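*Asks:* Have a look at this one before I ask anything.
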Amino acid sequence: MMWLRRRPPVYPACATAALAVALACASATRAAAQVPPHENWQTFRTERFRITFSPGLEALARHAAERAEATYAQLARELGPGPRGVIDILLTADADVTNGFATPFPSNRIVVYATPPVDDIGLGYTRDWVELVIAHELVHIFHMDRAGLVGRVGRSIFGRVPTGWPLFPVIGTPQWSIEGLATYYESRLTGLGRVHGPLHEMILRTAVLEGRFESIDQASGYGPRWPVGYRSYVYGSMFLDHLARRHGPEVLREIVGRTAGAVIPPTVAFDRIGRKATGTSFTAEWEAWRSELVARYTRLADSLRAEGLTQSESLTSGGYSTLYPRVAADGRVAFADVDGRSASATRVLDPETGEVRTLARRNGSGPSAWLPDGSLLIAQLELVDQHRMVHDLYRVAPNGAEQRLTHAARLSEPDVAPDERRVVAVQRGEGRTRLVVYDLETGELRELHAEDPAAEWALPRWSPDGTRIAVSRWLPGGLYDVVVLDTLGRVQRELTRDRALDTAPAWSPDGRYVIFSSDRSGIPDLFAYDLAAEDEANALRQVTRVLTGAFFPDVSPDGRWIYFAGYHADGYRIERIPFDTTTWHPVPPRALAFAAEDGDAILPRPGSAPGEGQGGEARAYSALPTLLPRAWLPLAYDEGAPGFFVGASTFGEDLVGRHAYSAYAAITVNRDEPRFAGGLSYAWAGLGNPVLGLSASREWDHAGSVRLPDGGPGDVVSREDIVSVSATVLRRRWRTAASLTLGAEHVQERFFIEDAPDLRLTDDYDRLVGAFARVSFGNARLYSYSISREDGVSLTVTARRRWDTDPSGVADRSYDEATAWGAVYKAIPAFGFANHVLALRASAVWREGPGASLVDLGGASGTTLDLGFGTIGTRALFLPVRGFPDKVRRGTRAWSASVEYRFPVALIDRGARLFPFYLDRLSGALFVDAGRAWCTRPEERRSWACALAGEDETPLVSAGGELALDLGLLFGSPFRVRGGVAAPLQGPADEPVFYVRVGPSF
């Protein structure tokens, strides 16, 4: 008699396809677009850097190289010796967003999206935006690459394993310490930057004055409250600036050094680092800093109140990012809104009734322009392929219907002329911005030729008579001003010329005044320039005097109101004040909040003209230098009867994502005749789309037992060799992602009877070939406050066929299989800090054929979580039914379904000092689960496994509830822990089951 345990089929080809999807669909933290791996990249070398750039960016790349070398030399003096080896810098102009990121894995790499940050208030205060971003990201490399003696020894053995202490001790420290250090040094090196600019100061000042200053545990977490997205940069950089002012700039070098050389992992004792470096814990220093800010800003508020503050009327609530008011002829106000609870949208406000209507979802934010028929002209981001994300113009009808006007034109910040035909807009591309005029009737695009080719532009506005354009202009050296152009792009008048951030101009209806936002008083306020003033020295007047900030003004067509975005501790709100020139103030002497007005930079200025930086000859990009393995990990695992295996694994990916691979090899150490296991998974994205995959593996397993001639049991061991190929076609857009994978595989399996080399099974060899297909689609959303995916679906369907090409008279392992998994999520506005969600899930498996194995039904699904030093949690279940044990039913056909009502309970948003845990939010769910698994009657007669499973004609049914806590450990992103109880309503159980799982139920 023989009994064989057949494992559920393992499909490494699917793993290869999944890897390809992961490689080709970059994370949103990387500006929602990966660089095109198939582009004709060029590269050149400098002493310490390898610069890779996309076509058209060589001049910018040369400048970046020169700035990188200068920054490296200065950082080595500031922070200590720099990283060994070459640092890669990649410049790409394939996304209309300003962003960059740095990583020490698998090697030191920096990616810069070459879009000037002219429209970004936080990044606008700079002499040279390339210098600013290079400085910021290079600080990250210096910081994250640093390790103590133990770490350096570990790296010399294992390489650059992506882990924290001791190899990379900074990984796992609070985000405010990582982003804060980079932001502080971008300012210290360049003399300008965000520490000296208006935005960070404004966020802190407002938080203090409105009672929302965050404690150190809140700033170390990932809470959804404003200033989400800015938190680690603002609090981190300004706190480190406080430490540098209090203890001297050298204290930051001490902090970096002690973090790198810490004997106790900094993740669990970060306050100890502060105590060693400053004599006081970071927590105590934070409280001292808070007290200092309270005293400073209280004095400022008292002095401004004594002078008289502007009293504005708030028209919206909820804060977050509510920007760019634009007033229609009938008085309605359109604005862009990101509220953290729903999709970003264009909304329309009726100021008289207070009613706010969502006109349409939009991708990102930005200004809109009213058209005569009541529709709006907007620009929004969209992915034109998997790698390129650009702005285009859209017309949004009064009923919310969208019409796309341009395709990959890279146009943003539109404004419509009084003739209702010409549109002035900003066009991005090749690392710069330019002003263009777009014709709504013909689609013709005309560039306005700037007198200074180095100028960058933002937020243009037509004059009421259509003969002039007011616009924000940035020039190298840090001059960010408002100028008036004629319709050809020639400067008619410079309204300002200094380092104050003068942004977002708007015209009065009579064309006499240009209203704009400026930080020249030390606080972002509204100012007005009188174009008709006889004395130019008195043409500029201060319109508002606020404690927080005022931005993006617009004057109502009837001349009664000035609308603007007013800043508060919970974000921005649309506000208004009367258009009354008698209340405007003389401009006080400039009292800029930043201390670097005279250019207090320690970074040497460029020694050559832009485009003539350092570097050798540019050559075609080669993947090999960044593709070679940089790390390996030892493996040790026990497969039971097959033996105890030891080995190693490695991985790699080149700079532009054209190649990626992972591999492992292992050998038994407890057998006279060694057994080898191993695997290779490789993905190639050199075509851009599709992504091609190849995988090969050899695995050993305990397949069952047989009765030996002497009557005793004998173990049966299987050796399975699989080779597969696949192609994955991807379609990613701002709101959706879809993929189609097609593949083929060859499987060869041998069976051996342990310790009986002279015995063979009747059927000890199987050879199968197969084909598979998988399609997936998803458009469900997650927002900052969400407790669950919302308003969308997620669907995956897979089909597979395997043919046994060497069938024997004993067994034929051919089979067909189809699986489907789908979920639907619907947000329900109700009580609590987040939307409630009605969620439905269904999954099913169908297998047919003599080789079909059984699937398991039952149990509570979860996920595993890698904590760096170990893994917690349980595996995800494809067919869960809570309230019943795992594998309570089995069959070749099965389905499972869940209905959940999810609701918020509490937004906790707290930790304890700098202990490495953080409680984010608590939510609950009520659910009903059901499922069934069975074999057909013919299968029961043919298969002993089906006969043992039996017929299950009635579904399992259960109901229950869960509480879910989102928490963070070791300063990582929050994960979910669910505790629940499920009561069986129908099936082979009658007692409630209590359980705890990591991760969402689905």
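*Asks:* Residue by residue through the range 727-768, note down the ones that are open to solvent by 50 Å² or more (accessible area, probe 1.4 Å), part of a strand (DSSP E or B) and hydrophobic (A, V, I, L, M, F, W, C).
*Replies:* Val729, Leu740, Leu742, Phe752
*Asks:* May I ask you to list the residues in the range 610-624 that are open to solvent by less than 50 Å² (accessible area, probe 1.4 Å) and either hydrophobic (A, V, I, L, M, F, W, C) or modelled with pLDDT of 95 or more (or both)?
*Replies:* Once the filter is applied, which keeps residues that are open to solvent by less than 50 Å² (accessible area, probe 1.4 Å) and either hydrophobic (A, V, I, L, M, F, W, C) or modelled with pLDDT of 95 or more (or both), the range 610-624 yields Ala618, Tyr621, Ala623.
*Asks:* With the requirement that a residue be crowded, with 21+ Cβ neighbours inside 10 Å and among the hydrophobic types (A, V, I, L, M, F, W, C), what does the range 467-483 give you?
*Replies:* Within the range 467-483, Ile469, Ala470, Val471, Trp474, Val482, Val483 meet the criteria.
*Asks:* Any residue in the range 628-648 that's touching a residue at least 12 places away in the same chain (Cβ under 8 Å): show its pairings with residues that are outside any strand (DSSP E or B) and open to solvent by less than 30 Å² (accessible area, probe 1.4 Å) at Cβ separation under 7 Å, as long as the two are six or more apart or on different chains.
*Replies:* Arg630/Pro106; Arg630/Ser107; Ala631/Pro106; Ala631/Val161; Leu633/Val161; Ala641/Glu754; Pro642/Arg675; Gly643/Arg675
*Asks:* Can you pull out the residues in the range 97-107 that are in a loop (DSSP other than H, G, I, E, B) and either open to solvent by 10 Å² or more (accessible area, probe 1.4 Å) or at pLDDT below 95 (or both)?
*Replies:* Once the filter is applied, which keeps residues that are in a loop (DSSP other than H, G, I, E, B) and either open to solvent by 10 Å² or more (accessible area, probe 1.4 Å) or at pLDDT below 95 (or both), the range 97-107 yields Val97, Thr98, Phe105, Pro106.
*Asks:* Looking at the range 116-159 only, could you name the residues that are β-branched (Val, Ile, Thr) and either modelled with pLDDT of 95 or more or more than 30 Å from Ser365 (Cβ to Cβ) (or both)?
*Replies:* Across the range 116-159, the qualifying residues are Val130, Val133, Ile134, Val139, Ile141, Val150, Val153, Ile157.
*Asks:* Moving to a separate point now. Would you pick out the residues in the range 156-166 that are in contact with a strand residue (DSSP E or B) (Cβ under 9 Å, 6 or more places away or on another chain) and either part of a loop (DSSP other than H, G, I, E, B) or not hydrophobic (A, V, I, L, M, F, W, C) (or both)?
*Replies:* Within the range 156-166, Gly159, Arg160, Val161, Pro162 qualify.
*Asks:* Would you pick out the residues in the range 508-529 that are open to solvent by 20 Å² or more (accessible area, probe 1.4 Å) and not hydroxyl-bearing (Ser, Thr, Tyr)?
*Replies:* Residues satisfying the conditions are Pro509, Asp510, Arg512.
*Asks:* Only one of (1) crowded, with 19+ Cβ neighbours inside 10 Å; (2) part of a loop (DSSP other than H, G, I, E, B) fails for Trp176. Which number is that?
*Replies:* Trp176 satisfies all of (1) crowded, with 19+ Cβ neighbours inside 10 Å; (2) part of a loop (DSSP other than H, G, I, E, B) except (2).
*Asks:* Moving to a separate point now. Filtering the range 310-328 down to residues that are touching a strand residue (DSSP E or B) at 6+ places or on another chain (Cβ under 7 Å) and exposed (fewer than 15 other Cβ atoms within 10 Å of the Cβ), which residue is nearest to Gly180 (Cα to Cα)?
*Replies:* The selected residue is Ser317.
*Asks:* Please go through the range 275-309 and give me each residue that is loosely packed, with under 13 Cβ neighbours inside 10 Å and of a type in the set (S, T, N, Q), ordered by number.
*Replies:* Ser291, Thr298, Ser303
*Asks:* Checking Val268 against (1) without any contact (Cβ under 8 Å) to a residue 40 or more places away in the chain; (2) within 35 Å of the chain's Cα centre (by Cα): exactly one of these is not met. Which one?
*Replies:* (1)
*Asks:* Could I ask something else about it? Name the residues in the range 830-864 that are farther than 21 Å from Arg932 by Cα, part of a strand (DSSP E or B) and either at pLDDT 95 or above or touching a helix residue (DSSP H, G or I) at 6+ places or on another chain (Cβ under 9 Å) (or both), would you?
*Replies:* The answer is His836, Val837, Leu838.
*Asks:* A follow-up question, please. Would the range 945-957 turn up any residue that is among the acidic types (Asp, Glu) and open to solvent by 40 Å² or more (accessible area, probe 1.4 Å)?
*Replies:* Checked the range 945-957: at least one residue is among the acidic types (Asp, Glu) and open to solvent by 40 Å² or more (accessible area, probe 1.4 Å).
*Asks:* Here's another thing I want to ask about it. Does Tyr184 satisfy being buried (at least 24 other Cβ atoms within 10 Å of the Cβ) and either out of contact with any helix residue (DSSP H, G or I) (no Cβ under 9 Å at 6 or more places or on another chain) or among the aromatic types (Phe, Trp, Tyr) (or both)?
*Replies:* Yes; evaluated as a whole, the condition is true for this residue.
*Asks:* Please verify whether Glu131 is surrounded by 24 or more Cβ atoms within 10 Å (Cβ to Cβ) and either within 22 Å of Ser220 (Cβ to Cβ) or in contact (Cβ under 8 Å) with a residue 40 or more places away in the chain (or both), treating the condition exactly as stated.
*Replies:* yes
*Asks:* How many residues are open to solvent by less than 40 Å² (accessible area, probe 1.4 Å), in a loop (DSSP other than H, G, I, E, B) and under 16 Å from Gly858 (Cβ atoms) if we restrict to the range 988-999?
*Replies:* Matching residues across the range 988-999 total 1.
*Asks:* In the range 195-250, what residues are part of a loop (DSSP other than H, G, I, E, B), of a type in the set (A, V, I, L, M, F, W, C) and in contact with a Ser or Thr (Cβ under 8 Å, 6 or more places away or on another chain)?
*Replies:* Val195, Val228
*Asks:* Taking the range 379-400 as the region of interest, how many residues are free of Cβ contacts under 8 Å to residues at least 40 places away in the same chain, assigned to a loop (DSSP other than H, G, I, E, B) and open to solvent by 40 Å² or more (accessible area, probe 1.4 Å)?
*Replies:* Of the residues in that region, 3 qualify.
*Asks:* Quick check on this structure: which one of Gly686, Gly714, Gly704 is open to solvent by less than 40 Å² (accessible area, probe 1.4 Å), touching a residue at least 24 places away in the same chain (Cβ under 8 Å) and not in a strand (DSSP E or B)?
*Replies:* After applying the criteria, what remains is Gly686.
*Asks:* Report, by residue number, each residue of the range 837-852 that is closer than 25 Å to Arg781 by Cβ and surrounded by fewer than 20 Cβ atoms within 10 Å (Cβ to Cβ).
*Replies:* Answer for the range 837-852, where residues must be closer than 25 Å to Arg781 by Cβ and surrounded by fewer than 20 Cβ atoms within 10 Å (Cβ to Cβ): Leu838, Leu840, Ala842.
*Asks:* It is to be established whether one or more residues within the range 493-503 are farther than 30 Å from Ala601 by Cα, touching a residue at least 12 places away in the same chain (Cβ under 8 Å), of a type outside the set (Asp, Glu) and open to solvent by less than 10 Å² (accessible area, probe 1.4 Å).
*Replies:* no
*Asks:* Among the residues in the range 767-789, are any touching a helix residue (DSSP H, G or I) at 6+ places or on another chain (Cβ under 9 Å), among the charged types (D, E, K, R) and modelled with pLDDT of 95 or more?
*Replies:* Yes, the range 767-789 has at least one match.
*Asks:* Name every residue in the range 925-954 that is modelled with pLDDT under 80, basic (Lys, Arg) and closer than 15 Å to Leu854 by Cβ, in order of residue number.
*Replies:* Arg942
*Asks:* Kindly evaluate Ser695 against the criterion of being in contact (Cβ under 8 Å) with a residue 24 or more places away in the chain, touching a Ser or Thr at 6+ places or on another chain (Cβ under 8 Å) and not assigned by the TED database to the domain that holds Asp385.
*Replies:* yes
The values are calculated or read from the model by the stated rules, or taken from the named source; none is laboratory data. Please read all numbers here as calculations on a predicted model, not as lab measurements. Don't worry about glycine lacking a Cβ; one is built from the backbone with ideal geometry, like all the others, and counts go over all protein chains shown. Protein only, heavy atoms only, side chains kept; ligands, DNA and RNA dropped before computing areas. Shrake-Rupley method; radii C 1.70, N 1.55, O 1.52, S 1.80 Å.
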